[in-house]
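Below you'll find the structure, written out as C-alpha coordinates, and then a few comments.
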Amino acid sequence: MTADLLQLTRPTPFLDYESDEVQDFIDHAVKDRSADKKTNAIELYYAVRDGVFYEVYGADLSPEGLKASHTARTKSGFCLHKAALYAAAVRALGIPSRLVYGDVRNHLASPRLIEHIGGDVFFHGLTQVHLDGTWVKATPVFNKMLCKLYGMEALEFDGTHDSLYHPYAEGGGSMEFLVDHGAFDDVPYDFIIATMRSKHPNFLDKAGTGTVSGGRLADESTLTTSK
(Lines give C-alpha, C1' and ligand atoms only; values in the text may rest on other atoms or scores of the structure.)
Protein backbone atom coordinates (compact mmCIF):
# COMPACT_ATOMS: atom_id res chain seq x y z
CA MET A 1 0.00 0.00 0.00
CA THR A 2 1.38 3.41 -0.95
CA ALA A 3 1.95 6.15 1.61
CA ASP A 4 -1.01 8.12 0.23
CA LEU A 5 -3.35 5.15 0.61
CA LEU A 6 -1.96 4.34 4.05
CA GLN A 7 -2.83 7.88 5.13
CA LEU A 8 -6.43 7.15 4.13
CA THR A 9 -6.68 4.27 6.60
CA ARG A 10 -5.93 6.44 9.63
CA PRO A 11 -8.48 7.84 12.09
CA THR A 12 -9.37 11.52 11.92
CA PRO A 13 -11.32 13.85 14.22
CA PHE A 14 -14.56 12.83 12.47
CA LEU A 15 -13.66 9.32 11.31
CA ASP A 16 -12.90 8.34 14.90
CA TYR A 17 -12.87 4.59 14.49
CA GLU A 18 -10.75 3.99 17.58
CA SER A 19 -13.81 4.92 19.66
CA ASP A 20 -15.71 2.21 21.50
CA GLU A 21 -18.88 3.04 19.57
CA VAL A 22 -17.38 2.43 16.13
CA GLN A 23 -15.48 -0.65 17.28
CA ASP A 24 -18.69 -2.12 18.71
CA PHE A 25 -20.50 -1.33 15.47
CA ILE A 26 -17.83 -3.18 13.49
CA ASP A 27 -17.94 -6.17 15.85
CA HIS A 28 -21.67 -6.56 15.21
CA ALA A 29 -21.33 -5.93 11.47
CA VAL A 30 -18.54 -8.24 10.30
CA LYS A 31 -18.25 -11.96 10.80
CA ASP A 32 -14.45 -12.05 10.64
CA ARG A 33 -12.19 -8.98 10.81
CA SER A 34 -9.41 -11.01 9.17
CA ALA A 35 -11.53 -11.82 6.10
CA ASP A 36 -10.60 -10.30 2.75
CA LYS A 37 -11.16 -6.58 2.48
CA LYS A 38 -13.93 -6.77 -0.11
CA THR A 39 -15.98 -9.11 2.09
CA ASN A 40 -15.60 -6.78 5.06
CA ALA A 41 -16.41 -3.71 2.97
CA ILE A 42 -19.63 -5.32 1.74
CA GLU A 43 -20.68 -6.44 5.22
CA LEU A 44 -20.06 -2.95 6.61
CA TYR A 45 -21.99 -1.39 3.73
CA TYR A 46 -25.14 -3.30 4.59
CA ALA A 47 -24.65 -2.73 8.32
CA VAL A 48 -24.58 1.03 7.75
CA ARG A 49 -27.33 1.01 5.12
CA ASP A 50 -29.83 -0.98 7.15
CA GLY A 51 -28.52 -0.75 10.72
CA VAL A 52 -28.54 3.05 10.81
CA PHE A 53 -32.00 4.42 10.10
CA TYR A 54 -32.18 7.16 7.48
CA GLU A 55 -33.75 10.15 9.21
CA VAL A 56 -33.51 13.75 8.04
CA TYR A 57 -35.47 15.43 10.84
CA GLY A 58 -33.85 16.44 14.11
CA ALA A 59 -30.40 15.43 12.85
CA ASP A 60 -27.35 16.76 14.68
CA LEU A 61 -25.02 18.72 12.38
CA SER A 62 -22.69 19.95 15.10
CA PRO A 63 -19.05 18.80 14.96
CA GLU A 64 -19.89 16.14 17.55
CA GLY A 65 -23.01 15.09 15.67
CA LEU A 66 -21.11 14.40 12.44
CA LYS A 67 -18.54 12.15 14.07
CA ALA A 68 -18.71 8.48 13.14
CA SER A 69 -18.90 7.54 16.82
CA HIS A 70 -22.06 9.63 17.30
CA THR A 71 -23.82 7.92 14.39
CA ALA A 72 -22.67 4.48 15.55
CA ARG A 73 -24.20 5.23 18.95
CA THR A 74 -27.49 6.82 17.85
CA LYS A 75 -28.09 4.51 14.84
CA SER A 76 -29.78 7.41 13.05
CA GLY A 77 -28.84 10.08 10.54
CA PHE A 78 -28.92 10.94 6.87
CA CYS A 79 -26.33 10.79 4.11
CA LEU A 80 -23.76 13.06 5.79
CA HIS A 81 -23.77 10.92 8.94
CA LYS A 82 -23.94 7.50 7.28
CA ALA A 83 -21.18 8.23 4.76
CA ALA A 84 -18.83 9.26 7.58
CA LEU A 85 -19.60 6.15 9.63
CA TYR A 86 -18.95 3.88 6.65
CA ALA A 87 -15.70 5.68 5.81
CA ALA A 88 -14.52 5.29 9.39
CA ALA A 89 -15.54 1.64 9.73
CA VAL A 90 -13.75 0.46 6.60
CA ARG A 91 -10.61 2.39 7.58
CA ALA A 92 -10.61 0.53 10.88
CA LEU A 93 -10.15 -2.68 8.86
CA GLY A 94 -7.35 -1.28 6.71
CA ILE A 95 -9.46 -0.20 3.72
CA PRO A 96 -8.63 3.30 2.41
CA SER A 97 -11.64 5.60 2.18
CA ARG A 98 -12.62 9.14 1.24
CA LEU A 99 -15.81 11.17 1.49
CA VAL A 100 -17.51 12.49 -1.64
CA TYR A 101 -20.10 15.27 -1.82
CA GLY A 102 -22.35 16.46 -4.61
CA ASP A 103 -25.67 18.00 -5.55
CA VAL A 104 -28.32 15.48 -6.59
CA ARG A 105 -31.91 15.45 -7.69
CA ASN A 106 -33.45 13.30 -4.97
CA HIS A 107 -36.53 11.13 -5.36
CA LEU A 108 -36.79 9.83 -1.80
CA ALA A 109 -38.50 12.94 -0.52
CA SER A 110 -41.93 13.91 0.68
CA PRO A 111 -43.62 17.20 -0.27
CA ARG A 112 -42.87 18.49 3.24
CA LEU A 113 -39.16 17.69 2.91
CA ILE A 114 -39.01 19.29 -0.54
CA GLU A 115 -40.52 22.43 0.96
CA HIS A 116 -37.85 22.50 3.69
CA ILE A 117 -35.06 21.85 1.18
CA GLY A 118 -36.35 24.46 -1.25
CA GLY A 119 -36.76 22.09 -4.20
CA ASP A 120 -35.71 18.60 -5.19
CA VAL A 121 -31.95 19.29 -5.50
CA PHE A 122 -30.17 18.08 -2.36
CA PHE A 123 -26.64 18.36 -1.03
CA HIS A 124 -25.55 14.71 -0.80
CA GLY A 125 -22.75 12.66 0.76
CA LEU A 126 -21.34 9.23 -0.02
CA THR A 127 -18.10 7.27 0.37
CA GLN A 128 -15.25 6.03 -1.83
CA VAL A 129 -13.42 2.86 -0.85
CA HIS A 130 -10.20 1.49 -2.36
CA LEU A 131 -10.63 -2.20 -3.21
CA ASP A 132 -8.64 -4.44 -5.56
CA GLY A 133 -6.50 -1.53 -6.70
CA THR A 134 -9.28 0.87 -7.64
CA TRP A 135 -11.63 3.41 -6.10
CA VAL A 136 -15.27 2.37 -5.86
CA LYS A 137 -18.15 4.61 -4.80
CA ALA A 138 -20.50 3.32 -2.11
CA THR A 139 -23.76 4.90 -0.91
CA PRO A 140 -25.00 3.07 2.21
CA VAL A 141 -27.66 5.71 2.79
CA PHE A 142 -31.31 4.77 2.17
CA ASN A 143 -32.12 1.77 4.36
CA LYS A 144 -34.14 -1.10 2.93
CA MET A 145 -37.20 -0.59 5.13
CA LEU A 146 -37.53 3.08 4.19
CA CYS A 147 -37.08 2.27 0.50
CA LYS A 148 -39.89 -0.25 0.78
CA LEU A 149 -42.17 2.36 2.35
CA TYR A 150 -41.42 4.74 -0.52
CA GLY A 151 -41.84 2.04 -3.20
CA MET A 152 -38.16 2.08 -4.20
CA GLU A 153 -35.43 -0.46 -4.72
CA ALA A 154 -32.64 -0.43 -2.14
CA LEU A 155 -29.19 0.35 -3.53
CA GLU A 156 -26.87 -2.68 -3.47
CA PHE A 157 -23.05 -2.92 -3.30
CA ASP A 158 -20.78 -5.72 -4.53
CA GLY A 159 -17.41 -4.13 -3.80
CA THR A 160 -16.55 -3.96 -7.51
CA HIS A 161 -19.03 -1.61 -9.14
CA ASP A 162 -20.07 1.87 -8.05
CA SER A 163 -23.11 1.91 -5.79
CA LEU A 164 -24.24 5.36 -6.79
CA TYR A 165 -27.36 5.87 -8.90
CA HIS A 166 -30.29 5.05 -6.67
CA PRO A 167 -32.98 3.45 -8.87
CA TYR A 168 -36.69 4.08 -8.98
CA ALA A 169 -38.75 0.98 -8.25
CA GLU A 170 -41.15 1.82 -11.04
CA GLY A 171 -40.79 3.60 -14.35
CA GLY A 172 -37.01 3.33 -14.69
CA GLY A 173 -34.49 6.06 -14.11
CA SER A 174 -32.35 6.86 -11.09
CA MET A 175 -31.10 9.64 -8.85
CA GLU A 176 -29.45 12.37 -10.93
CA PHE A 177 -26.01 13.69 -9.97
CA LEU A 178 -25.80 17.34 -10.99
CA VAL A 179 -22.61 18.66 -9.33
CA ASP A 180 -19.54 16.84 -7.96
CA HIS A 181 -17.87 18.77 -5.13
CA GLY A 182 -14.94 16.33 -4.96
CA ALA A 183 -13.43 13.85 -2.50
CA PHE A 184 -12.16 14.64 1.00
CA ASP A 185 -9.88 12.81 3.45
CA ASP A 186 -12.06 13.81 6.42
CA VAL A 187 -15.45 15.42 6.94
CA PRO A 188 -15.01 19.00 5.62
CA TYR A 189 -17.11 20.48 8.38
CA ASP A 190 -16.92 24.18 7.47
CA PHE A 191 -17.71 23.41 3.83
CA ILE A 192 -20.69 21.24 4.78
CA ILE A 193 -22.22 23.77 7.15
CA ALA A 194 -21.65 26.67 4.75
CA THR A 195 -23.24 24.66 1.94
CA MET A 196 -26.24 23.62 4.02
CA ARG A 197 -26.83 27.19 5.19
CA SER A 198 -26.52 28.49 1.65
CA LYS A 199 -28.52 25.85 -0.21
CA HIS A 200 -31.02 24.69 2.42
CA PRO A 201 -31.50 27.43 5.04
CA ASN A 202 -35.10 26.42 5.78
CA PHE A 203 -33.98 22.87 6.51
CA LEU A 204 -31.83 23.97 9.46
CA ASP A 205 -32.94 24.66 13.02
CA LYS A 206 -32.63 28.11 14.61
CA ALA A 207 -29.11 27.38 15.87
CA GLY A 208 -27.99 26.35 12.40
CA THR A 209 -26.27 23.20 13.68
CA GLY A 210 -29.10 20.72 13.16
CA THR A 211 -32.08 20.03 10.95
CA VAL A 212 -35.66 20.97 11.72
CA SER A 213 -37.51 18.66 14.09
CA GLY A 214 -41.02 17.32 13.99
CA GLY A 215 -42.16 14.08 12.45
CA ARG A 216 -40.30 11.28 10.71
CA LEU A 217 -39.58 10.82 7.03
CA ALA A 218 -40.99 7.29 7.24
CA ASP A 219 -44.35 8.69 8.32
CA GLU A 220 -44.48 10.85 5.20
CA SER A 221 -44.04 7.90 2.82
CA THR A 222 -47.77 7.70 2.14
CA LEU A 223 -47.56 11.15 0.57
CA THR A 224 -46.67 11.72 -3.05
CA THR A 225 -42.92 11.34 -3.56
CA SER A 226 -40.77 13.42 -5.89
CA LYS A 227 -40.26 11.93 -9.33
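The values are calculated or read from the model by the stated rules, or taken from the named source; none is laboratory data. These numbers come from a predicted model, not from an experiment. Glycine also receives a Cβ, built like all others from the backbone with ideal geometry; neighbour counts cover every protein chain displayed. These accessible areas exclude ligands, DNA and RNA; they are computed on the full protein's heavy atoms, side chains included. Shrake-Rupley method; radii C 1.70, N 1.55, O 1.52, S 1.80 Å.
Taking each residue of the stretch 21-50 that is in contact (Cβ under 8 Å) with a residue 60 or more places away in the chain and crowded, with 20+ Cβ neighbours inside 10 Å and looking for partners that are acidic (D, E) and not in a loop (DSSP other than H, G, I, E, B) with beta-carbon atoms closer than 7 Å, six or more apart or interchain, yields V30/E43.
Which count do you get for residues in the stretch 32-49 that are in a helix (DSSP H, G or I) and either among the aromatic types (F, W, Y) or modelled with pLDDT under 95 (or both)?
Here the count works out to 2.
Would it be correct to say that I95 is aliphatic (A, V, I, L, M) and open to solvent by 10 Å² or more (accessible area, probe 1.4 Å)? So I95 does not fit the description; no. Restricting attention to the stretch 50-69, the residues that are out of contact with any Lys or Arg (no Cβ under 7 Å at 6 or more places or on another chain), part of a loop (DSSP other than H, G, I, E, B) and of a type in the set (S, T, Y) total 1.
Against the test of being within 21 Å of A183 (Cβ to Cβ), in a helix (DSSP H, G or I) and open to solvent by less than 10 Å² (accessible area, probe 1.4 Å), the options A72, A83 yield a single qualifying residue, A83. Checking each residue in the stretch 116-167 for being aromatic (F, W, Y), touching a His at 6+ places or on another chain (Cβ under 8 Å) and not in a strand (DSSP E or B) picks out only F142.
Considering the stretch 95-149, and only residues there that are of a type in the set (G, A, S) and in contact (Cβ under 8 Å) with a residue 40 or more places away in the chain, the residue that is farthest from I192 (Cα to Cα) turns out to be S110. Before we move on, is V100 open to solvent by less than 50 Å² (accessible area, probe 1.4 Å), within 13 Å of V129 (Cα to Cα) and among the β-branched types (V, I, T)? It is true that V100 is open to solvent by less than 50 Å² (accessible area, probe 1.4 Å), within 13 Å of V129 (Cα to Cα) and among the β-branched types (V, I, T).
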